[in-house]
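Working notes, structure below.
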Number of protein chains: 2
Amino acid sequence: MTPSVTISEVGPRDGLQSVDAVMPTEAKKAWIKAEAEAGVSEIEVGSFVPPTLLPQMADTAEIVAYAKTLPDLDVVALIPNLKGAERAVAAGVDKMSIPFSMSETHSIKNVRKDHPAMLAEIKAIADLVAAQPEGRRPHFEVGLSTAFGCTIEGPVSEDQVARLAEAAIEAGVAEVGLSDTTGYANPAQVTRMVRQIKGVIGADKLNTLHLHNTRGLGLANVMAGLEEGITTFDASLGGLGGCPFAPGASGNIVTEDLVFMLEAMGINTGIDLDKLLKVRDIIAAALPGEPLYGFTPDAGLPLGFERTAA
Amino acid sequence: MTPSVTISEVGPRDGLQSVDAVMPTEAKKAWIKAEAEAGVSEIEVGSFVPPTLLPQMADTAEIVAYAKTLPDLDVVALIPNLKGAERAVAAGVDKMSIPFSMSETHSIKNVRKDHPAMLAEIKAIADLVAAQPEGRRPHFEVGLSTAFGCTIEGPVSEDQVARLAEAAIEAGVAEVGLSDTTGYANPAQVTRMVRQIKGVIGADKLNTLHLHNTRGLGLANVMAGLEEGITTFDASLGGLGGCPFAPGASGNIVTEDLVFMLEAMGINTGIDLDKLLKVRDIIAAALPGEPLYGFTPDAGLPLGFERTAA
């Protein structure tokens, strides 16, 4: 099993875009700073979508610039298309990620592009990245969204996901991640799909899982991913943003619970749990009334809990 | 991995003893009947403790007698001591289980018995069972409680747990189960401890895990147990009873989420999920205002979900 893993905090993007309130820029900065100081080494700080669509993300360029001043932090942004990629490159992100819906129905409905159109967009972005001077090329990743099933189509063919992953790599992306956008995944499916895709595109080109806890299986799915060599897990502090399909359930897996599980198992995350647990206060103060999730924050750490990591 | 597992529903005992309200006997019967009809094959229906201590359990003998009339159901009761065992045997239970706290401090505080005194009690109960005529001998199991850590002592020695498991088997019990009473367990610890104890007492004498979801790791711990050949998992419908250490968190893992995970993975539980999800209505009606937990009941089953079990 992996001796250390990377937690990629996606709350400032995925969490904030799912709540109606707009978090003030200074609060976003305080959140990102506090979480980086707790040892989180990768944070998805925003999304380069049109501000008219998501006013919560209007300050993403400023947030990227700020986050880039923090030491030892990989600054990630989500991009919906080539235009967003141009803005992300200009802002100087370390990494950018585009969601690519494995359910073609979902893709057409969501971004009005079928699979060939999405692959063309991905290739254009990969070309943009390749055209940047060395040292200014962000890492470019495709997130295979709705990979475990779709709320419109239902089950999504696992062979199709593997084929589209291969097509994305051929289009020039550095790696793909697997996203359980709908909270449909189960551990056996995670095992199967990670194996199949790694088999097709190479073991080093699938390193990230983006899991949801919609049906309570988030951390069980992490276990399956760990055993297949996944080294990066997305998570959201306080499960911010909730799950539109399940009132009372977090959408993304909760960073605090994930870090507790890994550290308790002796898997090094580089994160100081006590510091991490205090970061919630920043969100709670900036978004009053917004529900935060997580079991470990409520229950506290076990008596005598020690990091057993090497 | 195990192709089929047994879910042991503990809500009518563990859940009900943790809520203040006393569920009417007829509602308990309706619950047990509905859950048995959904395919649950083992239910811990009550506890033979003095009714002065737990009025919620005063009707356990009547509930056992009723549950015994249901087809294909193993009827389990918890017993605190020899006196309780005598009542359980008289009531005709199929299986009885005594909690044996691995933390001696917890044991003394909880039942005023140190480890030697508990082992003497366990031996007396094993002798009682052996003295019954064939066909009237209940299966006798010891639940190794606080096995993953104690809220008073903190960490509990894993070697000590293995030694006490061995001593319980030597005292004459048929098998032991491992209980994460405090919600301290993590998947690596589950793997280690199941392996160690099976190594000491024999692989066939540890088949059951009783897991809590206090810190959100319940189903991840199930995954670890499955991989070590555990075949029976305790769970509570709706997570009834909550967790005294964590407001908002279920104590026991939630039956509905556990069954969803296993069935989604193609592991046969014999349980009809749609029927199971409807059983919650009985509890909600009988215990108005009592919080029920679970992600799958809120989110519903995935679109196009099919049991993949053979």
A careful count of residues in region A:26-56 that are farther than 19 Å from A:Gly238 by Cα and touching a residue at least 12 places away in the same chain (Cβ under 8 Å) gives 5
Scan region A:212-226 and tell me whether some residue there is more than 9 Å from chain B (Cβ to nearest Cβ), crowded, with 22+ Cβ neighbours inside 10 Å and closer than 29 Å to A:Ile152 by Cβ.
yes
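Starting from residues that are away from every other protein chain (no Cβ under 14 Å) and among the polar types (S, T, N, Q), keep the ones in region A:116-151 and report whichever is farthest from A:Leu164 (Cα to Cα). Give the steps one after another, and end with the answer.
Going through region A:116-151, the residues away from every other protein chain (no Cβ under 14 Å) turn out to be A:116-145.
Checking which are among the polar types (S, T, N, Q) leaves us with A:132, A:145.
Working: A:Gln132: 26, A:Ser145: 11 Å.
Once the filter is applied, the top-ranked residue is A:Gln132.
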The residue from B:Val190, B:Val161 that alone is of a type outside the set (D, E, K, R), surrounded by 24 or more Cβ atoms within 10 Å (Cβ to Cβ) and at pLDDT 95 or above is B:Val190
If we keep only residues of region A:268-300 that are in contact with a helix residue (DSSP H, G or I) (Cβ under 9 Å, 6 or more places away or on another chain), part of a loop (DSSP other than H, G, I, E, B) and at pLDDT 95 or above, then the residue nearest to the other protein chains (Cβ to nearest Cβ) is A:Thr269
Out of (1) at positive phi; (2) part of a loop (DSSP other than H, G, I, E, B), the one B:Arg215 does not meet is (1)
A:Thr182: passes all of (1) touching a His at 6+ places or on another chain (Cβ under 9 Å); (2) at pLDDT 95 or above but (2)
Considering only helices (runs of 4 or more DSSP H) wholly within region A:2-101, the ones with at least 1 residues that are modelled with pLDDT of 95 or more, within 17 Å of the chain's Cα centre (by Cα) and under 20 Å from A:Gly241 (Cα atoms) are A:25-37, A:60-67
Taking region A:288-306 and keeping residues within 17 Å of A:Pro12 (Cα to Cα) and touching a residue at least 12 places away in the same chain (Cβ under 8 Å) leaves A:Glu290, A:Pro291, A:Leu292, A:Tyr293, A:Gly294
When every residue in region B:229-242 that is of a type outside the set (A, V, I, L, M) and away from chain A (no Cβ under 13 Å) is compared, the one nearest to B:Gly143 (Cα to Cα) is B:Asp234
Residue pairs within 6 Å by beta carbon, gap of at least six or interchain, first lying in region A:265-287 and over 9 Å from A:Ala38 (Cβ atoms), second aromatic (Phe, Trp, Tyr), listed first then second, are A:Ile282/A:Trp31
Per the filter on region A:153-179, residues of a type in the set (Val, Ile, Thr) and either within 14 Å of another protein chain (Cβ to nearest Cβ) or part of a strand (DSSP E or B) (or both) are A:Val156, A:Val176
Counting only residues in region B:193-207 that are buried (at least 19 other Cβ atoms within 10 Å of the Cβ) and over 29 Å from B:Ala131 (Cα atoms), the one farthest from the other protein chains (Cβ to nearest Cβ) is identified as B:Val194
Of the residues in region A:180-206, those that are over 21 Å from A:Glu256 (Cα atoms) and either assigned to a strand (DSSP E or B) or charged (D, E, K, R) (or both) come to A:Arg192, A:Arg195, A:Lys198, A:Asp204, A:Lys205, A:Leu206
Within region A:181-239, the residues that are of a type in the set (Ser, Thr, Tyr) and under 14 Å from the mean Cα position of the chain (by Cα) are A:Thr181, A:Thr182, A:Thr208, A:Thr231, A:Thr232, A:Ser236
When (1) under 20 Å from the mean Cα position of the chain (by Cα); (2) free of Cβ contacts under 8 Å to residues at least 60 places away in the same chain are applied to B:Ile108, the one that fails is (1)
Taking region A:251-274 and keeping residues more than 13 Å from A:Val40 (Cα to Cα) and either β-branched (Val, Ile, Thr) or buried (at least 24 other Cβ atoms within 10 Å of the Cβ) (or both) leaves A:Gly251, A:Asn252, A:Ile253, A:Val254, A:Asp257, A:Phe260, A:Met261, A:Leu262, A:Ala264, A:Ile267
Expected single match for in contact with a Ser or Thr (Cβ under 7 Å, 6 or more places away or on another chain) and closer than 17 Å to A:Leu258 by Cβ among A:Val5, A:Val40 is A:Val5
Those residues of region A:252-267 that are outside any helix (DSSP H, G or I) and either among the aliphatic types (A, V, I, L, M) or facing chain B (nearest Cβ under 9 Å) (or both) come to a total of 5
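The values are calculated or read from the model by the stated rules, or taken from the named source; none is laboratory data. Model, not experiment: these values are computed from the prediction. Backbone-built Cβ (ideal geometry, glycine too); neighbour counts: all protein chains shown.
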